[in-house]
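Visitor: First the structure, which I've put down as structure tokens, then a few questions once you've had a look.
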Amino acid sequence: MLLKDRICVITGAASARGIGKATARSFAEQGGRVVILDLDVGQAEAAARDLGAGHLGLACDVTDKAACRAAAEEVLGHLGRVDVLVNNAGITQPLKLMEIEAAHYEAVTDVSLRGTLYMSQAVIPAMRAQRSGSIVCMSSVSAQRGGGIFGGPHYSAAKAGVLGLAKAMARELGADGIRVNSVTPGLIQTDITGGKLTDELRAEIAKGIPLGRLGVADDVAKACLFLASDLSAYVTGAVIDVNGGMLIH
């Protein structure tokens, strides 16, 4: 059991086919006690129940610093500690450069980048007090290759910002026993992409991926499990690509 009795908080993890929910399942299977945070408390609680007994679902808007702090305090009140945080919450918009307005930019960067900062700030004091912790930040291949298939330039900017923030946190928090790493998924078949991928488009995209297939949420969840567990005890400030070879650099 790689995460036996560890308290693992995952943001944006209520969507049935999402990376967050797959990560929650993986953590629970490895003995972790999972706290699912999502905007809708009913969906968060339902997702936690799906994992079995002992898991928790809470409402949290990661763009609201006070809400992040309140969620962290509730986790600590119920479970006593936080061992792992996965900053998974994010949104995307398929816009071209000149179509991006202020509201679009703020919506995308607020969730991915501000949310990563606020939720990390909320759990860091507890991790510092216990002198241990692992923070996993969800970026994207879009940040590395300058755009994706479904996300606009502002999504690439937000996810690139996540990489920089995570590396800076890793440098600052290492002395406290806290590791911070990032995952950069390629094109993963989730609820976000599901309605947009025709069989023809899927086959065309797969031609450009050395492993010959699109990713699934469990592919990313396994990378998160590695970074959350002691298997990566000497890994911090790293970026783990999960893209089937779509980008090799």
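The values are calculated or read from the model by the stated rules, or taken from the named source; none is laboratory data. Treat the numbers as computed from the prediction; the structure is a model and nothing was measured. When we count neighbours, we look across all protein chains shown, and the Cβ atoms used for this are built from the backbone with ideal geometry, even at glycine.
Visitor: So which pairs qualify, if the first residue must be in the range 213-232 and more than 15 Å from residue 88 (Cβ to Cβ), the second must be surrounded by 14 or more Cβ atoms within 10 Å (Cβ to Cβ) and among the hydroxyl-bearing types (Ser, Thr, Tyr), the Cβ gap must be under 7 Å, and the two must be at least 6 apart or on different chains?
Guide: Here the result reads 226/232, each pair linking the range 213-232 to a residue that is surrounded by 14 or more Cβ atoms within 10 Å (Cβ to Cβ) and among the hydroxyl-bearing types (Ser, Thr, Tyr).
Visitor: While we're looking at this one, here's another question. Starting from residues that are aliphatic (A, V, I, L, M) and over 17 Å from the mean Cα position of the chain (by Cα), keep the ones in the range 63-88 and report whichever is surrounded by the most Cβ atoms within 10 Å (Cβ to Cβ). Please lay out each step first, then the result.
Guide: Step one: filter the range 63-88 for residues aliphatic (A, V, I, L, M), giving 66-67, 70-72, 75-76, 79, 82, 84-86.
Still in the running and over 17 Å from the mean Cα position of the chain (by Cα): 66-67, 70, 75-76, 79.
On the way: 66: 10, 67: 19, 70: 15, 75: 25, 76: 17, 79: 17.
Among residues in the range 63-88 that are aliphatic (A, V, I, L, M) and over 17 Å from the mean Cα position of the chain (by Cα), the one surrounded by the most Cβ atoms within 10 Å (Cβ to Cβ) is 75.
Visitor: Run down 124, 91 and say which single residue is under 17 Å from the mean Cα position of the chain (by Cα), surrounded by 21 or more Cβ atoms within 10 Å (Cβ to Cβ) and in contact (Cβ under 8 Å) with a residue 12 or more places away in the chain.
Guide: Details: 91 fails: surrounded by 21 or more Cβ atoms within 10 Å (Cβ to Cβ).
After applying the criteria, what remains is 124.
Visitor: Do we have residue 47 as in contact with a Leu (Cβ under 7 Å, 6 or more places away or on another chain), touching a residue at least 12 places away in the same chain (Cβ under 8 Å) and closer than 24 Å to residue 189 by Cα here?
Guide: Working: in contact with a Leu (Cβ under 7 Å, 6 or more places away or on another chain): no; touching a residue at least 12 places away in the same chain (Cβ under 8 Å): yes; closer than 24 Å to residue 189 by Cα: yes.
Here the answer is no, as residue 47 does not meet what is asked.
Visitor: Something else now. Would you check if residue 60 is buried (at least 23 other Cβ atoms within 10 Å of the Cβ) and over 15 Å from residue 134 (Cβ atoms)?
Guide: yes
Visitor: Taking the stated definitions as given, is residue 155 modelled with pLDDT of 95 or more, out of contact with any strand residue (DSSP E or B) (no Cβ under 8 Å at 6 or more places or on another chain) and farther than 22 Å from residue 66 by Cα? Working first, answer last.
Guide: Details: modelled with pLDDT of 95 or more: yes; out of contact with any strand residue (DSSP E or B) (no Cβ under 8 Å at 6 or more places or on another chain): yes; farther than 22 Å from residue 66 by Cα: yes.
So residue 155 passes the test.
Visitor: Of the residues that make up the range 117-138, is at least one of a type in the set (Ser, Thr, Tyr) and in contact with a Leu (Cβ under 6 Å, 6 or more places away or on another chain)? It would help to see each step written out before you state the result.
Guide: Step one: of the range 117-138, the residues of a type in the set (Ser, Thr, Tyr) are 118, 120, 132, 134.
Subset that is in contact with a Leu (Cβ under 6 Å, 6 or more places away or on another chain): none.
No - not one qualifying residue is present in the range 117-138.
Visitor: Go through the range 110-149 residue by residue and tally those that are in a strand (DSSP E or B) and out of contact with any Ser or Thr (no Cβ under 8 Å at 6 or more places or on another chain).
Guide: 1
Visitor: Has the range 7-25 got any residue that is touching a Gly at 6+ places or on another chain (Cβ under 6 Å) and surrounded by fewer than 21 Cβ atoms within 10 Å (Cβ to Cβ)?
Guide: No.
Visitor: State yes or no: is residue 146 out of contact with any Asp or Glu (no Cβ under 9 Å at 6 or more places or on another chain), surrounded by fewer than 23 Cβ atoms within 10 Å (Cβ to Cβ) and either among the hydrophobic types (A, V, I, L, M, F, W, C) or at pLDDT 95 or above (or both)?
Guide: no
Visitor: Another question about this same structure. Quick check on the range 96-109. Is at least one of its residues in a loop (DSSP other than H, G, I, E, B), surrounded by fewer than 24 Cβ atoms within 10 Å (Cβ to Cβ) and small (Gly, Ala, Ser)?
Guide: Taking every residue of the range 96-109 in turn, none turns out to be in a loop (DSSP other than H, G, I, E, B), surrounded by fewer than 24 Cβ atoms within 10 Å (Cβ to Cβ) and small (Gly, Ala, Ser).
Visitor: Okay, moving on. Can you pull out the helices (runs of 4 or more DSSP H) entirely within the range 185-249 that have at least 2 residues that are surrounded by 14 or more Cβ atoms within 10 Å (Cβ to Cβ) and within 13 Å of the chain's Cα centre (by Cα)? Don't jump to the end; show me each part of the working.
Guide: Values: elements: 191-194, 199-206, 217-228.
Per the criteria, 217-228.
Visitor: Can you work out which of the residues in the range 149-184 that are surrounded by fewer than 22 Cβ atoms within 10 Å (Cβ to Cβ) and basic (Lys, Arg) is nearest to residue 244 (Cα to Cα)?
Guide: 167
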